[in-house]
1. Can you name the residue in region 81-97 that is out of contact with any helix residue (DSSP H, G or I) (no Cβ under 7 Å at 6 or more places or on another chain) and in a helix (DSSP H, G or I) and is also surrounded by the most Cβ atoms within 10 Å (Cβ to Cβ) among such residues?
2. Scan region 20-32 and give yes if some residue there is touching a residue at least 60 places away in the same chain (Cβ under 8 Å) and under 21 Å from residue 76 (Cα atoms), otherwise no.
3. Have a look at 22, 64, 11, 30 and point out the one that is at negative phi, buried (at least 17 other Cβ atoms within 10 Å of the Cβ) and part of a helix (DSSP H, G or I).
4. Going through region 67-77 one residue at a time, which ones are in a helix (DSSP H, G or I) and farther than 16 Å from residue 14 by Cα?
5. If I go through region 43-61 residue by residue, how many of them are touching a helix residue (DSSP H, G or I) at 6+ places or on another chain (Cβ under 9 Å), on the phi < 0 side of the Ramachandran plot and surrounded by fewer than 15 Cβ atoms within 10 Å (Cβ to Cβ)?
């Protein structure tokens with residue numbers, strides 16, 4: 001648990017969050033003709049926003065392996081933490097309206 005004190009851990013959390021958000025926006029931008037905010041509300045109404053978020057979260061997988069390859073374990077741990085938070089978000093989106 002010593003990696004929590006490392007600033008690379010927090011950089012990993014921020015990077016994972018930013019890359020997942022970028023992936024969601026990129027998917028919605030290229031796959032929808034409507035505005036982004038309208039597309040997000042439409043996907044939420046159709047109960048498909050969780051699927052888009054899970055596809056966008058796949059961007060974190062190569063980042064995780066690159067961090068492990070370059071021996072940046074705290075950064076990779078931050079990616080894992082944000083991936084677990086994303087899983088909880090997807091579960092909430094799938095369970096709730």
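Every number in this text was worked out from the coordinates using simple rules, so none of it is lab data. Please read all numbers here as calculations on a predicted model, not as lab measurements. With ideal geometry, Cβ positions are generated from the backbone for all residues, glycine too; neighbour counts draw on all protein chains shown.
1. Checked region 81-97; the qualifying residue surrounded by the most Cβ atoms within 10 Å (Cβ to Cβ) is 85.
2. There is at least one residue in region 20-32 that is touching a residue at least 60 places away in the same chain (Cβ under 8 Å) and under 21 Å from residue 76 (Cα atoms).
3. It is 64.
4. 68, 69
5. Residues that pass the stated criteria total 4.
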